[in-house]
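Trainee: Could you have a look at this structure, given as structure tokens, before my questions?
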Amino acid sequence: MAQQPAKPVTTFRTAAKTAQPETPVNFIFNKDNYKLFIIAIAIVALGFVLMAGTTDIYSTTKIVIAPVVVLAGFGVGFYAILRKPSAKA
């Protein structure tokens, strides 16, 4: 007596997966957040370049302006992270 080949088993789960419509993927950040974050990285880099500046250790640029520029860059970065994307319906 010959055995018949087994049929593939279809379960409720596989049928339910194929019946569900595709839902759009929602990312945490949108394009504006990434632009702001890149701007923040550029501001921080500018601050570090200003800190590397001249050979004068006690110049106003190195001890006042450059740290303020770096902190401003960090502020823009925090804003870029915390900013909610606009709701487009």
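The values are calculated or read from the model by the stated rules, or taken from the named source; none is laboratory data. Since the structure is predicted, the reported quantities are computational estimates derived from the model, not experimental observations. Glycine also receives a Cβ, built like all others from the backbone with ideal geometry; neighbour counts cover every protein chain displayed.
Trainee: Condition test on A52, is it surrounded by 13 or more Cβ atoms within 10 Å (Cβ to Cβ) and either of a type outside the set (D, E) or at pLDDT below 75 (or both)? Give the derivation first.
Mentor: Working: surrounded by 13 or more Cβ atoms within 10 Å (Cβ to Cβ): no; either of a type outside the set (D, E) or at pLDDT below 75 (or both): yes.
Judged against the criteria, A52 is not a match.
Trainee: Taking segment 39-59, which residues are aliphatic (A, V, I, L, M) and under 15 Å from L71 (Cα atoms)?
Mentor: Our first condition is that a residue be aliphatic (A, V, I, L, M); within segment 39-59, this holds for 39-46, 49-52, 57.
Matches in segment 39-59: I39, A40, I41, A42, I43, V44, A45, L46, V49, L50, M51.
Trainee: Quick one: count up the residues across segment 52-89 that are under 24 Å from N26 (Cα atoms), part of a helix (DSSP H, G or I), of a type outside the set (V, I, T) and touching a helix residue (DSSP H, G or I) at 6+ places or on another chain (Cβ under 7 Å).
Mentor: Within segment 52-89, residues that are under 24 Å from N26 (Cα atoms), part of a helix (DSSP H, G or I), of a type outside the set (V, I, T) and touching a helix residue (DSSP H, G or I) at 6+ places or on another chain (Cβ under 7 Å) number 3.
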